[in-house]
Amino acid sequence: MKAKGVHSTLDRIHHWWAQQGQPQRFFLAYAALMMLSLFTAIAGSWYFLAAIPAACIIVYLTIVDVRAVFTLLLICIPLSTELQLPNGLGLDLPTEPLMVGLMLVSVLLLVRQGLSIDKRPLLHPITLLLSLHIGWIAISAFLSHQPVVSFKFLAGKLWYIAPFYFLAIRMLKTEQDLKRFFWSVFAPLIVTILIVTARHATQGFTFAEIHWVLTPFYRNHVSYAAIIVLFTPFVWFMRQWYPKGSLARWAITLSLPVLLIAIQLSYTRAAYVAVVAAIGAYYILRWRLTKWVLALAVAGSIAGLVYMINDNRYLDYAPNYETTVTHKDFNNLIQATYELEDISTMERLYRWVAGFNMSAAEPLFGFGPGNFYFFYKSYTVTSFTTYVSDNPERSGIHNYYLMTLVEQGIPGLLLFLILIFYALVRGEAIYANARTKRDKQIAMMAMLCIIIISVMQLINDLIETDKVGPFFFMSLAILVNLDLKHRRRLQEEQGI
C-alpha cells in the first residue's frame, strides 16, 4: 500500500510537470537550483556555491548572445572588487571569471568559423605586433627563473587580450556599438565616483583617508584616478554625439565637472600629469607631430639614462633615510616630491635602480614575466633604502616599461614600445584621413586613452589591472576597426 501511494504521488508530480510550459519548467528548475545552491553553501560554509545560479545564467547568455555577456563585463569593470587569496594572490570579482569565460568563447568562435573568419583584423599590423608581444612573453616565460609564476602571468595576459582585443574587434564595430560601450562603463563609473566622493566628504576630503573611502571598488587611489582620467576623452567626445538639449547630452555634460573634481580629490600625481599630457597630445596628434615627439622622447630617455649612469651620478639622488618619510598632507607630499623626500617616490628609485641592475644581468630574456619581486632585493643599492623597502605588500617596480625590460628583456620592451608607437602613428594617419567628424573623434579618443595609460605607466604598473588594461586593448581594437573601415572605403572608391 505504501509503495502504491508513492507511485501515485510520483505520477501526479509527473502529470503536473508535463502540463507546465517550457518557460515554467525553466523557472522552476532554476529556482530549485538556486535553493539547493544556497542551502549547500550555508550548510557546508562553501559560500562560493551560492554563485552557481548566476554562473548558469551567464553561461546561458553566452550561448544565446555573447554580446550581452561582453556588455555585462564592461558594466562590472568600475564595480569590481579584489578578493585576496592565499600566497599573496588576488582575484578581481566578477570581472576576471567573466574574462576567462569570454576568452574560451573567443577560442570557440575562432574554431567554429575556421577558414571562413574575416582575416583582415588578424592580419592588421597592430594585431601582428600584439601577437609578437604575446609570443615573446611566452618565450620569456618558458626561459623564466620561475616558470610557474611566468606562465600564470601569461595566462592572465591572454584573458585580458582575448575579450578586450580580439572579441572587442567584433563587438565595437559600429557607432551604436561604441555608444553601448560608453554607457556600459559610464553609468557604473559615475555611481562609484558619487559613492566615493560622498564617503570622502564625511572625512573632510583629506588625503590621509583617500584609501579607505575607495573600498570596495578600487584597490588604491591610483587605479581610481586612472580609470577616470583614461575615460575622460570618451566622455568629452561622446557628449557631441547627442543633440543639444537632449537628456543624454545634459547628463554627459554635467558629468565632466564631476570627473575633474574626482581627479583632483584622488590626490594622484600621475593623473594630474596625464591630464596635462592628454591636452598637449591632442594638439600634437592634430598637427601630425607624433613621430617627432616620439623620437624626441626616446632620444631624451636615452640621454637621461646615459647621464645618470656616467660616473654613477644616480648615487647623488640617494635619499636621506631619516627625512624621507610618509606624508599625510598632500601639500607636504608635493613639496617632498621635488625635494626628493617623499617615501613613495624614493622607494620607486630604490626599485628602479635594482631593475636596471637586473636588466644588466639578464638583458635578452629577462628574469621571466611576473618575477621582479622574487629577485630584486639582491640587486638593490643600500643607499636608496627607505622605511618601506621591506615591501610586505609584495608590490612591483612601479614603472611598466622598466618592469617589461627586467622581466622580458630588451626584445620584450622594444616590442611593447613598437606596438604603442605604431598604434599612435597609424592612429594619427587615420585621424588625418578621416572623412567625417565622427570618425576623427573615434580615432582621437582611442589615441588619447592609449597616451594617458602610457603616461601613467611611467610610475605605475597598470595594464594587468582590470580598471585600466581593458581600455588599452579596446582602444587598439577601435583603431583597427576604424583603419579597416577606411581601407574598405578607399577600395570602393578605387573600384577594387
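Here are a few things to note about the model shown:
- Scalar couplings 3J(HN,Hα) for segment 165-174, obtained by applying the Karplus form with A = 6.51, B = -1.76, C = 1.60 to θ = phi - 60°, are 10, 5, 6, 5, 4, 6, 8, 10, 8, 9 Hz; x denotes Gly and Pro.
- Here's the picture: charge each Lys and Arg Cβ at +1 and each Asp and Glu Cβ at -1 in segment 200-326, and of 228, 270, 247 the one pushed furthest to the positive end of that dipole is 247.
- Student exercise, segment 111-225 dipole from Lys, Arg, Asp, Glu Cβ charges, in Debye to nearest 20: 320
- DSSP-assigned coil residues among trypsin sites (Lys or Arg not before Pro) in segment 264-309, each with at most 14 further Cβ atoms within 10 Å: 288
- At 0.890 mPa s and 25 °C, Stokes diffusion of segment 353-399 via Kirkwood alpha-carbon radius, µm² per second: 216
- Shown in residue order for segment 206-220 are the 3J(HN,Hα) couplings computed by the Karplus curve 6.51 cos²θ - 1.76 cosθ + 1.60 at θ = phi - 60°: 7, 5, 5, 9, 4, 5, 5, 6, 7, 5, x, 7, 10, 5, 7 Hz (x for Gly and Pro).
- Note on residue 276 and residue 187: their simple-model spin labels are 3.8 nm apart, each label 7 Å out from Cα toward Cβ.
- Inverse of mean 1/r across different Cα pairs in segment 253-305, Kirkwood, Å: 13.1
- Distances between placed amide hydrogens fall under 5 Å for residue 81 paired with 93, 95, all partners being 5 or more residues away or on another chain.
- Pairwise Cα inverse-distance average, inverted: Kirkwood Rh of segment 348-488 (Å): 16.6
- Size of electric dipole in segment 425-496: Cβ of Lys, Arg +1 and of Asp, Glu -1, about Cα centre, debye, nearest 20: 420
- For segment 281-295, the Karplus equation 6.51 cos²θ - 1.76 cosθ + 1.60, evaluated at θ = phi - 60°, returns couplings of 5, 4, 6, 4, 5, 5, 8, 6, 10, 4, 4, 5, 5, 5, 4 Hz by residue, with Gly and Pro reported as x.
- One Cα centroid belongs to segment 255-295, the other to segment 178-240; the line between them spans 17 Å.
Readers should treat all values here as calculations from the given coordinates under stated rules, not as data from a laboratory. Since this is a predicted model, take the numbers as computed values, not measurements. Don't worry about glycine lacking a Cβ; one is built from the backbone with ideal geometry, like all the others, and counts go over all protein chains shown.
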